[in-house]
Amino acid sequence: MQRNLFATLAGALFGTGLLISGMVDTTKVQGWLDVFGAWDPTLAFVLGGAILPMAIAWRIATRRSRSVLGQDLPSPPSQRIDRSLLLGSVLFGMGWGLAGLCPGPAMASLGFGGWGGLLFLVAMLAGMVAAPVLRTRLDRAPAPTV
């Protein structure tokens with residue numbers, strides 16, 4: 001019960017932050033990504049504002065074995081830069097640039113995004129289901145010869 005309450009509060013705070021910051025406005029996000037055109041630098045403050053609390057949270061988490069609610073903490077992310085990270089980053093960036101949405105804002109846009117937001121969410125979920133299957137196939141495929 002307590003965990004669900006904190007998850008709901010955190011989700012509501014996150015969604016409110018997305019709404020206030022403009023991250024759910026696809027034209028604002030695409031303006032941020034259009035560095036050689038009509039660049040809108042305002043989302044730099046949003047992104048910078050996200051990095052600072054996360055850096056502090058990771059610092060605190062490295063000194064703890066359990067969360068405040070008593071749950072096990074996830075292990076720190078890998079520091080390796082590999083094919084999966086690069087491919088995932090490229091695909092994420094392409095989707096973000098084309099649609100102006102990423103997973104958090106896509107969920108938030110369900111309330112007002114109409115069919116476009118719903119279509120993006122369905123495509124995103126399909127990609128999440130397909131990714132492990134494609135990953136397994138790529139890992140089993142022989143290396144290309146040059």
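The values are calculated or read from the model by the stated rules, or taken from the named source; none is laboratory data. Every value quoted in this text rests on a predicted model; they were computed, and no experiment measured them. Glycine gets a Cβ as well: all are built from the backbone with ideal geometry, and neighbour counts include every protein chain shown.
Annotations for the structure displayed:
- The range 128-146 residues that are closer than 26 Å to G95 by Cα, paired with ones that are among the aromatic types (F, W, Y) (beta carbon under 6 Å, 6 or more apart): none
- Scanning the range 1-60 for residues that are of a type in the set (V, I, T), touching a Gly at 6+ places or on another chain (Cβ under 9 Å) and exposed (fewer than 13 other Cβ atoms within 10 Å of the Cβ) yields T27, T42.
- Search result, residues across the range 50-72 that are in contact (Cβ under 8 Å) with a residue 12 or more places away in the chain and under 28 Å from L19 (Cα atoms): W58, A61, L69
- First in the range 34-47 and of a type in the set (A, V, I, L, M, F, W, C), second anywhere and surrounded by 11 or more Cβ atoms within 10 Å (Cβ to Cβ) and assigned to a loop (DSSP other than H, G, I, E, B), Cβ under 9 Å, 6 or more apart: L43/G22; L43/M23; V46/G22; V46/M23
- Applying a threshold of 7 Å to beta carbon distances and a minimum spacing of six or more residues, or different chains, the list of pairs starting in the range 12-29 at a residue that is touching a residue at least 40 places away in the same chain (Cβ under 8 Å) and under 12 Å from L43 (Cβ atoms) and ending at one that is among the β-branched types (V, I, T) and surrounded by 17 or more Cβ atoms within 10 Å (Cβ to Cβ) reads L18/V24; M23/V29; M23/V46.
- If you go through the range 67-83 and keep only what is under 29 Å from A7 (Cα atoms) and either surrounded by 10 or more Cβ atoms within 10 Å (Cβ to Cβ) or hydroxyl-bearing (S, T, Y) (or both), you end up with S67, L69, L73, S75, S78.
- Considering (1) small (G, A, S); (2) assigned to a helix (DSSP H, G or I); (3) at pLDDT below 85, the lone condition that S75 does not fulfil carries the number (2).
- Qualifying residue in the range 28-47 (condition: at pLDDT below 85, farther than 24 Å from M107 by Cβ and assigned to a helix (DSSP H, G or I)): no
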